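Asks: Mind looking over this structure? Questions follow.
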Amino acid sequence: MILLTHFSLLCLAVLLLLTTALIEVARSTHPDARRTWLLWHLVASILFIVSVFMDEAYYQPGSRPFFYLEYPTILIAALLYGELCYAVAGLGGTAAHRHYRWAVSAACLAWGAGFGYALVAGLDYTAPVYGQLLFLPIILFCWPIVIFVRELRRHRVNLSGLVRARVAWSTIGDTDKAMVGFLFTTVLRLISCFTPILSRMPDMPREFVLAFFFANNLLIVAGMVVTFLAFIERRANLAARITSMLSALLLTVFVAVVLMFFSNEPRLRGQDVATLRHGSIEIKPGADGYEARSVAGVPETVPLVRQAPGPDLAVNIALPFSFPFYGRTYDRLDILPNGQLVPTDSTDASAMGLWDASRCRHTAPLIAVFCMPGERFDIYVGQLDGVQRVVWMRAPATRGGQPVVAFQADLYPDGGLKFDYGAFPLRASLRRANAIGIHDGSHWPTGRLAMADMPVASSTGALWFDLAFGRRLATHERLAPLALMLTIFTALLVLLLRPYLTRLLVLPLDRIRAGLREVDEGNLDHRLDVGIQDEVTDIAEGFNAMIRSLDDARQRADEQTDLLEAEIQYRTIEAARKLDPDLLSKDQVFEQKLMDVIDANLGDFNFQVGELADAMAVSTRQLHRRVVNLTAQTPAALIRALRLEHGHKLLVARAANVSEAAYKSGFRDVSYFTKLFQKKYGKTPSELLS
């Protein structure tokens, strides 16, 4: 059964943000290893969050089926993050990087051995070994701090000056900016490591811990992707920025709303605690099974004797009567230190093993007064008027103090049970394996009841109360529509809004940027067509008007300099003849090659001065000097004149209409071709044809 709790929904928020970030980075075009490592790190992070989300959403008391996937995925994410940081610092393939890989490989082998031992030994997910396994990912996530600080110092980047705004951000290079950005996200990862410490502080609101954890994760993902796009990819995409800002805003609002809904949790938790502390749960056998109800009353005082645990920490005692339980009678009782009773006929402590016991899961009949995996209470037993009492006590808080009763159970000769709770753990209702009740051992109880469902009767082989199940259902009813809205809005942002903004803003601006590059290369024949009718069209029209104005100004300047260039050409050739009689023949060869190259490319719109210089194997400056010497024209003017002559020949021969003549002569704009044609030949192309 999938239940959306506060934690699973916050995991969903981070999962959607990671998916959006993955799509954004995948849309980039940067070819080097930094993009590849970032993509793989995002994929590993998504797998980790998916395992956490499924583990929290797929609710089953005493079981976390996806828990064991979290550790390998977080280790893989940490390894990939380390490779990403080495690539960002420019240290990939260096000796330091190779030493790092050798050290990490050895550490991963030890980590794998520990994780494999935990799985094979069947250790519960609350076992200390799992907490110890987290040290390696934490170290791997924090090691880039050393890398970046060392490299930034080597590059003479003053970090303290940047923080205090004494050093201008614009004074450092893009690589150093990228390292500073990833250093910031690495520090945030280090801060995230303190979340478990916060959760264990007394009286620390869980809402604050969750808000801290998820806000920090949102900042980590955003900082990492923004750093990559801004300083490595160097992509200024307006659609991406708007989509990212709206996604971050949506997810921030979502996290705030989820935490607001969760603010009722302490009150609901307190109600369960109050119910159990001030009353008893009475379970009696009936005709078709067992029935339970909540009763008031104060337990009678019974002399108690502390029991020493056996080798497997369980205690085995003899009952003063034959205890009927699910159709059988039992003479003895196994008592487990985490709050469970197992009726038995054996004189040995239960051989089921602590693996099952710690998960509150058995294949034998079970009485769960409480189940807190990893907890170990002192066990006391006593008898009064044929009633068997079992008490679990906490050790005294101070030396010389009295132990405190946590919970207790009374067993009656008729098969009845009564549970009482004293120092009930306040946070117990948030634990996974916190169900109380009985079952016959034939199957793991699938039915779960909330405390508010009492009195209740059951004949299914289990009477099982889950202290958190009712609240999870209530939370699910409230938050399921919110989760649906979050998913829909995020999908709309990524799948619809982003392409719309790209078509509306990015593509027209890209065309304008391309036009500016054409002008920068000296191509004044270029004309913009942004493909839409709005304010961007006005920008394009203004651009085209500017190009026409520049072209007119250049033509007037060309006319004024033609005479001067002709004079310079004449004097240069005369001087060259006196120095080298063979020079003229060399110029004739160059001129013939020049004309051949231009004739071969007259129909190419993109063939301009730069392409001509490349074809002639000279620099643009040399080309300009030699063409002016030979033809008394600039290279651009020569190309334009030859194109007009070609167009004139096509029109005179009636081999093309006006548009075809313009395009075949290398003019994109027919009106521009018409204007130049009329200026040179005294009539428009249409008049010539008519």
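Asks: Out of the residues in the range 85-128 that are out of contact with any Gly (no Cβ under 8 Å at 6 or more places or on another chain) and polar (S, T, N, Q), which is farthest from THR36 (Cα to Cα)?
Replies: Of everything passing the filter in the range 85-128, SER105 is farthest from THR36 (Cα to Cα).
Asks: If we scan the range 666-678, do we find a residue that is outside any helix (DSSP H, G or I) and modelled with pLDDT under 80? Even if it seems obvious, please write down each step before you answer.
Replies: So the first thing to find is which residues in the range 666-678 are outside any helix (DSSP H, G or I), and the list is 666-669.
Now restrict to residues that are modelled with pLDDT under 80: 668-669.
Checked the range 666-678: at least one residue is outside any helix (DSSP H, G or I) and modelled with pLDDT under 80.
Asks: Working only within the range 109-149, note down all residues that are modelled with pLDDT under 85 and among the aromatic types (Phe, Trp, Tyr).
Replies: TYR125, TYR130 - these are the residues of the range 109-149 that are modelled with pLDDT under 85 and among the aromatic types (Phe, Trp, Tyr).
Asks: If you don't mind, there's one more thing I want to ask. Please enumerate the residues belonging to the range 375-392 that are under 18 Å from ASN338 (Cβ atoms) and either β-branched (Val, Ile, Thr) or not assigned by TED's automatic domain parsing to the domain that holds PRO303 (or both).
Replies: ILE379, VAL381, VAL390, VAL391
Asks: Inside the range 607-657, can you point out the residues that are in contact (Cβ under 8 Å) with a residue 60 or more places away in the chain and farther than 28 Å from GLY682 by Cβ?
Replies: Across the range 607-657, the qualifying residues are GLY610, ASN629.
Asks: Looking only at residues in the range 279-331 that are touching a Leu at 6+ places or on another chain (Cβ under 6 Å) and in a loop (DSSP other than H, G, I, E, B), which one is surrounded by the most Cβ atoms within 10 Å (Cβ to Cβ)?
Replies: Among those that are touching a Leu at 6+ places or on another chain (Cβ under 6 Å) and in a loop (DSSP other than H, G, I, E, B), it is ALA314.
Asks: So, in the range 627-662, of the ones that are of a type in the set (Gly, Ala, Ser) and part of a loop (DSSP other than H, G, I, E, B), which residue ends up modelled with the lowest pLDDT? Break it down stepwise before answering.
Replies: Within the range 627-662, the subset of a type in the set (Gly, Ala, Ser) is 632, 636-637, 641, 647, 653, 655-656, 659, 661-662.
Filter once more, so that each one left must be part of a loop (DSSP other than H, G, I, E, B): 632, 653, 655-656.
Numbers: ALA632: 73, ALA653: 80, ALA655: 80, ALA656: 82.
Ranking the qualifying residues of the range 627-662, first place goes to ALA632.
Asks: Do we have any residue at all in the range 351-366 that's surrounded by 13 or more Cβ atoms within 10 Å (Cβ to Cβ), part of a loop (DSSP other than H, G, I, E, B) and at pLDDT 65 or above?
Replies: Within the range 351-366, one or more residues are surrounded by 13 or more Cβ atoms within 10 Å (Cβ to Cβ), part of a loop (DSSP other than H, G, I, E, B) and at pLDDT 65 or above.
Asks: Answer yes or no: is there a residue in the range 665-685 that is under 60 Å from the mean Cα position of the chain (by Cα), crowded, with 16+ Cβ neighbours inside 10 Å and polar (S, T, N, Q).
Replies: Yes, that holds for at least one residue.
The values are calculated or read from the model by the stated rules, or taken from the named source; none is laboratory data. A quick note: this is a predicted structure, and the numbers were derived from the prediction, not measured. Please note: Cβ atoms are built from the backbone with ideal geometry, for glycine as well, and neighbour counts cover all protein chains shown.
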